[in-house]
Structure formats: structure tokens, C-alpha cells
């Protein structure tokens, strides 16, 4: 099965998933629930990394998180693509700093 790489196609696919399971009327679009699901997926990603599981498993768990992120934009009614590009513009203008041997790119407040 061939899939489109466009964000619009991904957004439509996640919207179809929400519609199929009636997320709007069954609590699936409630923000605290969605955040809990995203935390759960992050935990599953951490488990993949810390237990040295296959890259394919990491890809699957990352896709779960990506689907949840797109669904959160649907649920909260904002344009994720627009938010993405606005944030990229902002973070590209930031300086980086090494913190405990790892790079950080953030708004450092002294």
C-alpha cells in the first residue's frame, strides 16, 4: 500500500481514525487523557532504548507518539504544521550550550 508523504495526508488519516472510533464523543480528545497517552508512549520509547531493542520497535513507538501528536492538534483545534514552522524559526535563532556533556538548545535564563 502506497502512502503520501504529505502532512495533509497524515492529518486526514489521523482524523479518519478519530472519526472511526468517535474520539470526540468518547473521551478520546480530552487533553489530560491524551497527555497521559503521550507519556505512556515516551515510556515505551525509553524501554526500547534502555533495553537495546530493535530499531524497528523504536520506529513503531515513535510513530505512535507522532500519531498522538497529530491527534492532539485535531483535538485542540490548532494547525500543527503552522506551529511546527513557527517553533523551528524560533529555535533556529537560539544559541546552544553544553550541559553535563550534552548539547542543549534552549532559552537560557541566567
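Can you tell me which residue among 95, 47 is over 13 Å from the mean Cα position of the chain (by Cα) and modelled with pLDDT under 95? Steps first, answer last, please.
Working: 47 fails: modelled with pLDDT under 95.
Selected residue: 95, the only one of 95, 47 that is over 13 Å from the mean Cα position of the chain (by Cα) and modelled with pLDDT under 95.
For region 1-17, filtered to residues that are outside any helix (DSSP H, G or I) and within 18 Å of the chain's Cα centre (by Cα), the residue that is surrounded by the most Cβ atoms within 10 Å (Cβ to Cβ) is 6.
The values are calculated or read from the model by the stated rules, or taken from the named source; none is laboratory data. It should be emphasised that the depicted structure is a prediction, and the values quoted were computed from it without experimental measurement. For neighbour counting, all protein chains shown are included, and Cβ atoms are generated from backbone atoms with ideal geometry for every residue, glycine included.
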